Structures are given as C-alpha cells and as structure tokens.
Amino acid sequence: MNINMKISWNCLNQLINLTNINSFELAKKLTLAGFEVENIIHNTDINDVIFELSITANRQDITSLIDIAVEISTITDIPLEVDYQIRNNYIKHKIHIKQLNNDKNFNYFKNLSFCMMQNISLRPNYQLIKNHLIAYDLKQNNHILDIIKFINIKWGQAIAIYTISSVYQDPTTKLQFSIKRDNINTASSQDTIYLNNRNLIEIHENNLNQHKHLDTVILMAYESHKQDNNQKNVTGNFTFLPYTLNAYKEIFYLLNSDKMTSPIIYIDYNEVEKTPRINCRINKIYDILGPRIFNHKKPAFDNNRIIQILKKLNFKVTNQKNTLHVHVPKTRTHDIQREIDIIEEIGRIQGFDTFVDQLPVFQNKNQISRTILINQKIRRILRSIGLHEIINYSLHGHTNSKQVALINPLNKDQKILRNSIIHNLILSKKYNIYQSNNLFEVFEIGKIFLTASQNSNNHEHMHIGGLLGNGVSNRSTWNKNGTVLNWFQAKGHLDEFFERIHAKVRWSQYAHTNYIIQNTKEYTHPKRTIYILHQNKTIGLLSQLNNKIAKSLGTSYKIYIFEINLDELIKTINMPQNLKYNYVNHSPYPKVTRDLSITINKKISMQYVENIIQIIKNNNNEFLESVNLLNEYHDNQNTKTISIRITYRSKNQTLTSEKIKILDEIFNQNLTFALNKR
C-alpha cells in the first residue's frame with residue numbers, strides 16, 4: 001500500500017539549493033526515480049509550493065524531509081546543505097556534546113539522546129515555523145512543541161519534550177535516569193521515566209494548557225532495554241540517524257539563545273550490527289542497464305559515477321577487482337537484498353530514460369540455438385521410430401522422501417515435483433489400456449526436480465523418457481512369423497536413435513549409483529537393466545518394466561522403459577556443421593508463379609544449369625523468391641528443352657502484370673546469355 005507524503009518547497013530549499021530547477025522539472029525527476037508526484041499545490045498565503053508524493057510500500061525509509069532531500073541531491077547531483085556551523089554563531093554559548101557510553105546511570109537505555117534547556121523562549125522568526133506547519137497541515141500552538149513537530153518532520157527524528165518540577169544546578173554530575181514500564185504484558189504499556197527519582201512529564205497537545213509557560217525542559221529520544229521471558233525487547237521511539245545532532249542544533253537556533261544557558265547534548269548510542277555485504281559486479285551493471293544515450297546535461301556514466309550514486313544514498317562501497325562490496329544502510333535492508341536490487345538503484349538514480357531501450361545485437365542473429373536444433377531432431381527421429389510424444393504435468397501426488405514437496409499445493413494430486421519421467425509415462429499407459437488403446441508407445445521431454453540431499457549442483461534437469469512395447473507382432477522379414485518387441489529390438493531402437501543424432505555413448509551392465517538409478521529403481525527390472533554411459537558417467541538407462549508394475553497393468557507382453565539426462569546427452573552429440581537455419585521475415589504480399597521453357601545444347605549438363613540459375617537468383621534476390629527445374633525433354637541429337645518454374649514476390653508491394661513481364665524478360669535474357677556463353 002502506497003503512503004502519501006507532503007513536501008514543502010521552502011523547507012526543501014533549506015536542505016538543498018533548488019534555485020536552478022523549477023517545481024515541474026523536479027516533479028518529473030522524482031516521478032522517474034520512483035516517487036510519483038500526484039499533485040503540486042501553490043499556496044499563496046504562505047508563498048510556498050507543496051508536493052503531494054505517493055511513496056511505494058517498499059520505501060519505508062522515506063519518512064522525512066531529509067530523506068527526500070538525499071534522494072533529490074543524488075538525482076540532481078546538487079550537494080546537501082546540512083552543515084550548521086554558521087548557525088552555531090547565533091547561539092551565545094558553545095554547544096557541548098557528552099558521550100554517555102558505559103555510564104551506569106544510563107543502563108536503562110539501549111540508545112539515548114537528551115538535552116536539558118533553561119531560560120527558553122521563541123525567536124522573533126517564529127512566523128517561519130508557523131508557515132512550515134501550515135504547509136504540512138499541522139496545528140500551531142505558539143509553543144516550543146511547534147518547533148519539535150517541525151524538526152521531527154524535517155530531520156526524521158522522534159524527539160519528545162519533558163518537563164521537570166525543579167532545576168538542577170549541576171546537571172552534568174548529578175543526572176541519574178531510571179525507567180519503569182506499567183502493564184508490561186499489554187499492548188498499551190507505557191514507559192515512565194524518572195530523573196533523580198522525579199517523574200518526567202511528556203508534553204503533548206492534550207496537556208499543553210497545563211504547561212504553557214516553561215522555563216526548563218528536557219528534549220529526549222530513547223530506546224529502552226526490557227527483560228520479558230528472558231527475551232530482550234525494545235521500547236520507546238528513538239531514531240538515531242546521522243542528522244540527530246543537526247536536529248538538536250536547529251532547535252537551539254530557533255529558540256532565543258541570548259538567554260538560554262549553554263546546552264549540553266547527551267548521547268548514549270550503541271552501534272547497530274553491520275548489515276550483510278552484497279557483491280555487485282560492475283560488468284553486470286553495464287550488461288543489465290545497457291548502453292547509455294549521450295546527454296551533456298547528465299554526468300558520464302562510469303565506475304566513478306556508480307560509486308558516487310551509492311555513496312550519496314548512504315551505502316558503504318569499496319571496489320575490488322571490478323566487484324563492488326556494498327553494505328546497505330540499516331533503513332534499506334528490507335528492499336535491498338540482492339545484486340539486482342543494487343543495479344536497480346543505480347539505474348533509478350541515473351535515469352532509466354538515459355539508457356537505450358532496445359535489445360543488444362548478437363553475432364548469431366536469426367540463428368536457432370544448437371540445443372533447440374538438437375531437440376527438434378530428437379523429436380523427429382523418435383516419431384519416425386513409431387513413438388508418440390506426450391506432455392505431462394511436473395506435479396503429481398506420488399510421494400517419497402527423495403522428491404520435492406510444495407509448501408502450499410493446490411490439491412493433493414499436485415503436491416510433489418517429479419524426480420523421474422517414468423512415473424507419469426506408466427500412468428498414461430495405464431489410462432490408455434483402460435480406454436482399450438493398447439497401441440501406446442510414447443516418449444516425453446521435460447524437467448525433473450531433485451532435492452539437495454541427492455548431491456546435485458543443479459536442482460533441475462531436462463530429461464527424455466520413453467515407453468516401448470504394445471503387443472503388436474513385428475516381422476523382421478516377409479517370410480517369417482511376427483514376434484512382439486523383445487529386449488534386443490528395444491535396445492536396437494535406442495542404438496538407431498543414438499546413431500541418427502550422432503551421440504557418442506556406450507552401454508554397460510554396471511554403473512556407479514546416481515540420482516537416475518535411485519529415482520527409477522522402483523520401476524526397473526533387477527536383472528534386465530542396462531546403463532548408458534559417457535566418459536564413465538551414467539547419463540541414462542534402459543530396462544524392462546518391473547514385473548509387479550507390469551502385472552498391475554494387465555498386459556501379456558513385455559514393456560521396456562528408458563530415461564536419459566538430455567542435457568548430458570546433448571554434450572555427447574557432434575552435430576554436422578553443414579546445416580544452418582535462419583529466420584527471415586515473410587512477405588505479406590502474394591507470390592506470382594511462372595513456368596518457362598528453354599531450348600539449349602544437349603551437351604550442357606543439368607548441374608551446370610542449376611549453378612547458373614543459383615547465380616542469377618543470388619544477383620536478383622529482391623523479387624526472385626525461388627527457381628526450380630521441373631523437367632528435361634530431349635528433342636533431337638543436338639538440343640534439349642528444360643522446363644523451369646519461377647516464383648516472384650515483393651516484400652513491400654504487390655507485383656503488377658507489367659512488372660512481372662519485365663522480370664521474365666530479364667531472367668530469360670540472363671539465363672540465355674549464360675548458357676550460350678557455354
């Protein structure tokens with residue numbers, strides 16, 4: 001679910017100089033970067049422009065003005081202006097920062113930041129704060145609470161105001177906090193904080209009238225440790241970001257510093273655990289994002305620019321041997337978890353519109369891959385042997401410990417990923433026998449899935465499986481009685497198959513146990529199984545179907561099964577290099593066919609004629625689609641007549657009769673000239 005957020009242009013200009021960019025241009029950049037600007041409101045009462053943003057659910061880290069400012073700074077390459085050294089000159093006394101690490105007086109807190117202030121009042125420029133609150137539709141109370149609300153929005157903090165009943169003369173040495181939690185087992189439990197055994201009262205809009213005039217207050221944000229059933233729980237509303245000190249400093253600036261005593265900021269912060277490292281290959285970044293469109297207004301996209309983008313987004317980056325080691329900010333660990341997430345961040349900031357949105361050009365353009373060609377050939381050969389191809393689901397309900405189970409299956413019959421092709425082939429055979437279709441010899445090409453316990457590098461493999469035998473008698477010669485398929489004939493079918501696909505494999509009665517043997521053991525015959533090997537590695541097997549299963553099918557003939565790892569089988573194939581297939585665009589315009597007869601010298605061979613025709617076709621391939629020799633007639637001892645069929649077709653127009661007549665004359669002249677030259 002998207003989150004709506006308002007951004008004030010005037011507030012934003014306090015953090016980043018937007019003088020050279022207008023609101024509409026900024027809105028376009030934000031939208032391209034993933035922050036959709038739903039509306040732009042011009043508020044003339046406060047002379048401000050308000051952006052209404054839609055923040056996607058995965059960007060839970062965008063909660064404040066500084067978060068958006070960091071994104072804009074990275075997108076526009078304009079530096080942030082968050083240094084308050086100049087503003088500190090407006091504060092009468094120097095700000096002191098005291099670290100409280102390992103201080104026993106603050107052991108109640110996991111993280112803590114607080115400051116005690118005395119003699120406070122609002123500066124004369126409070127009207128600016130009121131305008132900012134109006135921009136964010138917040139109530140104005142003419143109170144320090146207004147400043148705190150604005151600071152929390154701007155700097156992404158969770159600072160709260162507390163009041164105390166008396167002033168401490170020496171707070172640096174006598175401060176001692178304690179904390180108690182009421183109703184610890186309820187969802188509405190609250191922390192009660194004590195300072196030197198005195199209860200601190202948080203100021204909010206509901207009790208503001210009781211604390212309208214304050215002389216001394218404590219600003220605090222914290223996280224507390226709680227022990228509950230031996231588990232450490234965290235309570236409170238602490239947010240310690242790199243801008244926590246900036247938030248406190250701006251609070252001091254917005255208060256009347258002439259009367260305020262020297263502020264001391266107490267910090268007790270435990271460094272969070274480092275986030276896991278993500279390795280991002282620089283070559284992978286360029287491969288995925290693609291070539292960049294040249295734009296002189298955009299910085300060059302190179303390694304330095306990539307590292308700069310990530311660092312501006314508060315990622316910690318080191319480059320080692322063209323691999324970026326990236327530590328993701330704690331606030332981004334929920335949506336940045338993989339290498340592709342890093343690449344998406346880089347493309348988002350650089351601008352996806354700055355990259356070429358077309359597929360890269362490959363050297364093997366218009367050519368079918370070797371794997372596809374071999375698969376097509378395997379299918380043709382198996383069909384020519386007499387097998388039908390079937391396709392089964394990869395899911396079934398037959399369970400054993402060696403199969404991958406779905407966590408949330410649609411039904412009980414589709415809860416297991418198969419680890420063998422054979423099981424579904426047997427079910428198909430059983431179904432066809434039930435339907436009185438005994439002529440059932442089939443093969444299937446599909447994926448099988450392995451568990452990690454079967455010691456396989458890949459958990460998916462492409463397999464080919466088959467089922468041979470249908471009870472029909474086959475004659476080896478015309479004068480002998482037919483016999484049903486036997487073991488040697490089944491093996492012969494596979495030998496023919498291997499020979500026709502040029503696979504270099506060998507048969508063996510013995511093999512080292514692997515996942516193929518394990519997963520097909522319940523279907524194979526213990527005495528009539530032979531294995532297919534390549535370089536002493538078992539890639540498949542042929543077996544007679546187990547007697548128990550064969551009996552359940554109710555057949556009187558032998559059934560043989562085979563299963564082969566297709567990925568490994570393809571590695572054994574040495575395909576001839578004389579066949580190439582290219583894809584070409586088919587013309588949408590009609591073809592025109594012409595038959596032509598020519599009388600030539602009887603001594604001219606047909607092979608020579610075919611060569612001449614091929615040369616003419618290659619030189620006139622714009623309209624000439626095909627030329628075929630149909631017949632050859634011998635007229636007398638010196639001459640003969642050849643019949644030629646010519647097909648014309650244009651890729652961009654319909655050929656007219658006049659155009660075809662001209663093409664016929666050109667072809668006839670070229671062919672006659674070449675043959676007479678002979």
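List of remarks:
- With both labels modelled 7 Å from their Cα along Cα-to-Cβ, the ILE3 to SER428 distance reads 5.3 nm.
- Legend: ranking of residues TRP155, TRP487 from fewest to most surrounding C-beta atoms inside 10 Å; resulting order TRP487, TRP155.
- Rotationally averaged projected area of the range 3-82 (alpha carbon convex hull; nm²): 5.0
- Listed by chain and number, the aspartates and glutamates whose alpha-carbon sits under 15 Å from that of LYS154, ignoring those within fewer than 8 places in the same chain, are ASP61, ASP67, GLU71, GLU81, ASP83, ASP137, ASP146, GLU250.
- Interchain or long-range residues, amide H under 5 Å from ASP48's placed H: ASN43
- Burial order of peptide ranges 136-146, 200-210 (average beta-carbon count within 10 Å, highest first): 136-146, 200-210
- In sequence order, calculated HN-Hα J values of the range 318-328 (Karplus, 6.51, -1.76, 1.60; Hz; x Gly/Pro): 10, 10, 10, 6, 6, 10, 8, 9, 10, 9, 7
- Peptides 534-545, 333-344 ranked from most to least packed, by the mean per-residue count of other Cβ atoms within 10 Å: 534-545, 333-344.
- Estimated dipole of the range 277-354 in Debye, rounded to 20 [Cβ of Lys and Arg +1, of Asp and Glu -1, Cα centre]: 300
- Members of LYS249/LYS274; LYS491/LYS571; LYS491/LYS521; LYS377/LYS415 lying beyond 24 Å, as alpha-carbon distances in this model show: LYS249/LYS274; LYS377/LYS415
- Pairs of lysine residues in the range 592-677 - Cα separation under 27 Å, sequence separation of 8 or more or cross-chain: 16
- Dipole magnitude of the range 3-82, debye to nearest 20 (Cβ charges: Lys/Arg +1, Asp/Glu -1, about Cα centre): 100
- Order of GLU522, GLU658, GLU568 under a 10 Å beta carbon neighbour criterion, fewest first: GLU658, GLU522, GLU568
Computed from the coordinates by the stated procedures, all read-outs in this text should not be read as laboratory data. Model, not experiment: these values are computed from the prediction. Neighbour counts run over all protein chains shown; Cβ positions are idealised from the backbone, glycine included.
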